[in-house]
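The values are calculated or read from the model by the stated rules, or taken from the named source; none is laboratory data. No experiment lies behind these values; they were computed from the predicted model shown. Cβ sites come from the backbone with ideal geometry, for glycine too, and all protein chains shown count toward neighbours. These area figures cover heavy atoms from the full protein model, side chains too; ligands, DNA and RNA do not enter into them. Shrake-Rupley method; radii C 1.70, N 1.55, O 1.52, S 1.80 Å.
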Amino acid sequence: QGCNSNSRGALVVLEGLDRCGKTTQSSRLVQYLEGLGHSAELWRFPDRTTSVGQMISSYLSNKSQLDDHTIHLLFSANRWEKRSLMETKLKSGTTLIVDRYSYSGVAFSSAKGLGIEWCKAPEVGLLAPDLVLYLNISPEKASERGGYGCERYEQLEFQSKVAQYYQVLHDSSWKVIDACQPMEDIEKQLQEMVLECVKKCHNGEPLSQLWL
Ligand code: FDM
(Lines give C-alpha, C1' and ligand atoms only; values in the text may rest on other atoms or scores of the structure.)
Protein backbone atom coordinates (compact mmCIF):
# COMPACT_ATOMS: atom_id res chain seq x y z
CA GLN A 1 0.00 0.00 0.00
CA GLY A 2 2.17 2.79 -1.29
CA CYS A 3 5.08 2.06 1.04
CA ASN A 4 8.28 3.86 0.23
CA SER A 5 11.47 2.62 1.84
CA ASN A 6 11.49 5.10 4.70
CA SER A 7 7.76 5.17 5.40
CA ARG A 8 6.98 4.81 9.05
CA GLY A 9 4.03 3.54 11.04
CA ALA A 10 1.66 5.78 12.98
CA LEU A 11 1.47 6.18 16.73
CA VAL A 12 -2.22 6.20 17.57
CA VAL A 13 -3.41 6.45 21.16
CA LEU A 14 -6.88 5.76 22.55
CA GLU A 15 -7.81 7.58 25.71
CA GLY A 16 -10.89 8.01 27.85
CA LEU A 17 -12.46 7.14 31.17
CA ASP A 18 -12.73 3.55 32.36
CA ARG A 19 -15.52 1.76 30.45
CA CYS A 20 -15.55 4.14 27.49
CA GLY A 21 -14.84 1.27 25.08
CA LYS A 22 -11.13 1.93 24.39
CA THR A 23 -10.00 -1.64 24.71
CA THR A 24 -12.63 -3.09 22.37
CA GLN A 25 -12.08 -0.38 19.79
CA SER A 26 -8.29 -0.67 19.97
CA SER A 27 -8.29 -4.33 19.07
CA ARG A 28 -10.83 -3.77 16.29
CA LEU A 29 -8.61 -1.09 14.80
CA VAL A 30 -5.66 -3.45 14.70
CA GLN A 31 -7.78 -6.08 12.94
CA TYR A 32 -8.99 -3.47 10.49
CA LEU A 33 -5.49 -2.28 9.61
CA GLU A 34 -4.17 -5.81 9.28
CA GLY A 35 -7.11 -6.61 7.00
CA LEU A 36 -5.95 -3.80 4.72
CA GLY A 37 -2.46 -5.27 4.63
CA HIS A 38 -0.85 -2.81 7.04
CA SER A 39 1.52 -3.91 9.74
CA ALA A 40 -0.12 -3.02 13.08
CA GLU A 41 0.20 -3.95 16.75
CA LEU A 42 -1.94 -3.48 19.81
CA TRP A 43 -0.09 -2.01 22.80
CA ARG A 44 -1.38 -0.92 26.18
CA PHE A 45 -0.20 1.01 29.18
CA PRO A 46 0.35 0.07 31.86
CA ASP A 47 2.25 -2.82 30.30
CA ARG A 48 1.84 -5.23 33.18
CA THR A 49 4.28 -7.80 31.77
CA THR A 50 7.48 -6.04 32.85
CA SER A 51 8.78 -5.95 36.43
CA VAL A 52 7.80 -2.28 36.74
CA GLY A 53 4.42 -3.26 35.28
CA GLN A 54 3.99 -5.90 37.96
CA MET A 55 4.52 -3.31 40.69
CA ILE A 56 1.88 -1.14 39.02
CA SER A 57 -0.52 -4.04 38.72
CA SER A 58 -0.15 -4.91 42.36
CA TYR A 59 -0.83 -1.28 43.29
CA LEU A 60 -3.91 -1.06 41.06
CA SER A 61 -5.40 -4.19 42.56
CA ASN A 62 -4.83 -2.78 46.06
CA LYS A 63 -2.29 -5.46 46.93
CA SER A 64 0.32 -2.82 47.68
CA GLN A 65 0.35 0.79 48.77
CA LEU A 66 2.60 3.43 47.21
CA ASP A 67 3.01 7.16 47.60
CA ASP A 68 1.22 9.07 44.80
CA HIS A 69 4.49 10.47 43.41
CA THR A 70 6.10 7.04 43.41
CA ILE A 71 3.33 5.36 41.45
CA HIS A 72 3.26 8.25 39.01
CA LEU A 73 6.95 7.78 38.29
CA LEU A 74 6.47 4.02 37.90
CA PHE A 75 3.77 4.58 35.26
CA SER A 76 6.17 6.92 33.51
CA ALA A 77 9.10 4.47 33.81
CA ASN A 78 6.83 1.83 32.29
CA ARG A 79 6.50 4.01 29.18
CA TRP A 80 10.21 4.84 29.11
CA GLU A 81 11.18 1.18 29.21
CA LYS A 82 9.15 0.65 26.02
CA ARG A 83 10.24 3.81 24.25
CA SER A 84 13.08 2.46 22.15
CA LEU A 85 11.08 -0.57 21.01
CA MET A 86 8.26 1.79 20.15
CA GLU A 87 10.55 3.89 17.99
CA THR A 88 12.04 0.83 16.29
CA LYS A 89 8.59 -0.55 15.44
CA LEU A 90 7.34 2.76 14.09
CA LYS A 91 10.44 3.29 11.98
CA SER A 92 10.16 -0.20 10.56
CA GLY A 93 6.68 0.69 9.31
CA THR A 94 4.47 -0.82 12.00
CA THR A 95 1.52 1.21 13.22
CA LEU A 96 0.94 1.03 16.97
CA ILE A 97 -2.54 1.30 18.41
CA VAL A 98 -1.98 2.12 22.05
CA ASP A 99 -4.63 1.70 24.74
CA ARG A 100 -3.78 4.58 27.19
CA TYR A 101 -0.58 6.63 27.28
CA SER A 102 0.85 9.76 28.90
CA TYR A 103 -2.51 11.52 29.00
CA SER A 104 -3.80 8.84 31.37
CA GLY A 105 -0.61 9.27 33.34
CA VAL A 106 -1.08 13.01 33.78
CA ALA A 107 -4.88 13.02 34.12
CA PHE A 108 -5.07 10.30 36.78
CA SER A 109 -2.21 11.63 38.91
CA SER A 110 -3.41 15.24 38.63
CA ALA A 111 -6.86 14.10 39.73
CA LYS A 112 -5.23 12.94 42.96
CA GLY A 113 -3.90 16.43 43.56
CA LEU A 114 -0.38 16.33 42.10
CA GLY A 115 0.59 19.42 40.08
CA ILE A 116 -0.03 19.03 36.38
CA GLU A 117 3.41 20.36 35.39
CA TRP A 118 5.07 18.02 37.87
CA CYS A 119 3.13 15.15 36.32
CA LYS A 120 4.16 16.10 32.79
CA ALA A 121 7.86 16.47 33.54
CA PRO A 122 8.88 12.78 33.48
CA GLU A 123 6.90 12.31 30.25
CA VAL A 124 8.91 14.92 28.34
CA GLY A 125 10.81 13.24 25.52
CA LEU A 126 8.52 10.25 25.08
CA LEU A 127 7.26 9.87 21.53
CA ALA A 128 4.29 12.11 20.78
CA PRO A 129 1.24 10.38 19.30
CA ASP A 130 0.32 11.26 15.73
CA LEU A 131 -3.32 10.95 16.73
CA VAL A 132 -5.17 10.75 20.02
CA LEU A 133 -8.68 9.32 19.86
CA TYR A 134 -10.59 10.42 22.92
CA LEU A 135 -13.70 8.34 23.52
CA ASN A 136 -15.93 10.80 25.27
CA ILE A 137 -18.43 9.58 27.84
CA SER A 138 -19.81 11.17 30.98
CA PRO A 139 -18.58 9.59 34.21
CA GLU A 140 -22.21 8.76 35.08
CA LYS A 141 -22.87 6.94 31.80
CA ALA A 142 -19.57 5.10 32.10
CA SER A 143 -20.40 3.91 35.61
CA GLU A 144 -23.72 2.48 34.36
CA ARG A 145 -21.89 0.22 31.91
CA GLY A 146 -21.84 -3.00 33.88
CA GLY A 147 -20.46 -1.29 36.98
CA TYR A 148 -16.87 -0.87 37.95
CA GLY A 149 -14.62 -3.65 39.14
CA CYS A 150 -12.56 -3.43 42.27
CA GLU A 151 -9.47 -1.69 40.91
CA ARG A 152 -8.29 1.38 42.69
CA TYR A 153 -9.52 4.16 40.40
CA GLU A 154 -12.91 2.73 39.43
CA GLN A 155 -15.10 5.18 41.34
CA LEU A 156 -17.51 7.76 40.00
CA GLU A 157 -16.22 10.74 41.94
CA PHE A 158 -12.61 10.11 41.01
CA GLN A 159 -13.45 9.48 37.35
CA SER A 160 -15.21 12.87 37.24
CA LYS A 161 -11.99 14.55 38.32
CA VAL A 162 -10.02 12.59 35.74
CA ALA A 163 -12.45 13.80 33.04
CA GLN A 164 -11.72 17.41 34.01
CA TYR A 165 -7.98 16.90 33.65
CA TYR A 166 -8.37 15.19 30.29
CA GLN A 167 -10.09 18.40 29.13
CA VAL A 168 -7.03 20.42 30.06
CA LEU A 169 -4.70 18.11 28.12
CA HIS A 170 -6.71 18.19 24.89
CA ASP A 171 -4.49 19.46 22.04
CA SER A 172 -4.43 19.54 18.22
CA SER A 173 -3.56 15.84 17.93
CA TRP A 174 -6.89 14.94 19.59
CA LYS A 175 -10.12 13.84 18.00
CA VAL A 176 -13.07 13.58 20.32
CA ILE A 177 -15.57 10.82 19.55
CA ASP A 178 -18.94 10.45 21.23
CA ALA A 179 -18.60 7.10 23.01
CA CYS A 180 -22.36 6.72 23.49
CA GLN A 181 -23.04 6.05 19.81
CA PRO A 182 -23.62 2.47 18.62
CA MET A 183 -20.37 0.52 18.67
CA GLU A 184 -20.31 0.01 14.89
CA ASP A 185 -20.70 3.75 14.26
CA ILE A 186 -17.80 4.53 16.54
CA GLU A 187 -15.76 1.85 14.82
CA LYS A 188 -16.38 3.37 11.38
CA GLN A 189 -15.40 6.86 12.52
CA LEU A 190 -12.22 5.61 14.16
CA GLN A 191 -11.27 3.64 11.06
CA GLU A 192 -11.51 6.72 8.88
CA MET A 193 -9.43 8.85 11.23
CA VAL A 194 -6.76 6.21 11.69
CA LEU A 195 -6.45 5.46 7.99
CA GLU A 196 -5.93 9.12 7.20
CA CYS A 197 -3.26 9.30 9.90
CA VAL A 198 -1.50 6.16 8.68
CA LYS A 199 -1.31 7.62 5.19
CA LYS A 200 0.10 10.88 6.50
CA CYS A 201 2.82 9.01 8.37
CA HIS A 202 3.66 6.86 5.36
CA ASN A 203 4.16 10.08 3.44
CA GLY A 204 6.91 11.23 5.75
CA GLU A 205 5.24 13.16 8.58
CA PRO A 206 8.09 13.35 11.15
CA LEU A 207 7.90 11.78 14.60
CA SER A 208 7.89 14.26 17.44
CA GLN A 209 8.30 14.23 21.20
CA LEU A 210 5.91 14.95 24.00
CA TRP A 211 5.61 18.27 25.68
CA LEU A 212 8.73 20.03 24.45
N1 FDM B 1 -3.38 4.77 34.76
C2 FDM B 1 -2.94 4.32 33.57
C3 FDM B 1 -2.68 5.74 35.48
O4 FDM B 1 -3.09 6.14 36.58
N5 FDM B 1 -1.53 6.25 34.94
C6 FDM B 1 -1.04 5.84 33.74
O7 FDM B 1 0.02 6.32 33.29
C8 FDM B 1 -1.77 4.84 33.02
C9 FDM B 1 -1.28 4.35 31.70
O10 FDM B 1 -4.33 2.80 35.56
F11 FDM B 1 -7.38 3.34 36.01
C12 FDM B 1 -4.59 4.17 35.36
C13 FDM B 1 -5.81 4.21 34.51
C14 FDM B 1 -6.58 2.99 34.94
C15 FDM B 1 -5.54 2.05 35.47
O16 FDM B 1 -5.59 0.97 33.33
C17 FDM B 1 -5.31 0.80 34.66
P18 FDM B 1 -6.36 -0.20 32.51
O19 FDM B 1 -6.56 0.42 31.16
O20 FDM B 1 -7.64 -0.44 33.25
O21 FDM B 1 -5.42 -1.38 32.53
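Quick notes on this one:
- Sequence ranges 10-18, 186-194, ranked by mean other-Cβ count within 10 angstrom, highest first: 10-18, 186-194
- Highest mean packing comes first when the peptides 24-36, 132-144 are listed by Cβ atoms within 10 Å, giving 132-144, 24-36.
- Distant-in-sequence amide H partners of ALA40 (H built 1.01 Å from N, under 5 Å): THR95
- Integer Hz, Karplus 6.51/-1.76/1.60 couplings in order for region 36-50, x for Gly and Pro: 8, x, 8, 7, 8, 9, 9, 10, 8, 10, x, 8, 7, 7, 8
- Accessible surface, per residue, of region 87-161 when the full set of protein chains is kept, probe 1.4 Å, Å²: 38
- Applying 0.36 nm per residue to the separation of GLU192 and GLN155 and subtracting their alpha-carbon distance, the gain on full extension is 10.1 nm.
- Over the chain, Cα pairs under 8 Å with separation of 6+ residues give a relative contact order of 35 percent.
- Long-range lysine pairs (8 or more apart or interchain), region 11-202, Cα under 18 Å: 17
- The C-alpha atoms of the chain define a longest principal axis, and helix 183-202 lies at about 60 degrees to it.
- Close amide H contacts of ASP99 (hydrogens built in the peptide plane, cut-off under 5 Å, sequence separation of 5 or more or a different chain): LEU14, TRP43, ARG44, PHE45.
- Segment LEU66-SER51, length gained on full extension (0.36 nm per residue, minus Cα span): 3.8 nm
- Overall, the accessible surface of region 11-202 at a probe of 1.4 angstrom is composed of carbon and sulfur to the extent of 51 percent.
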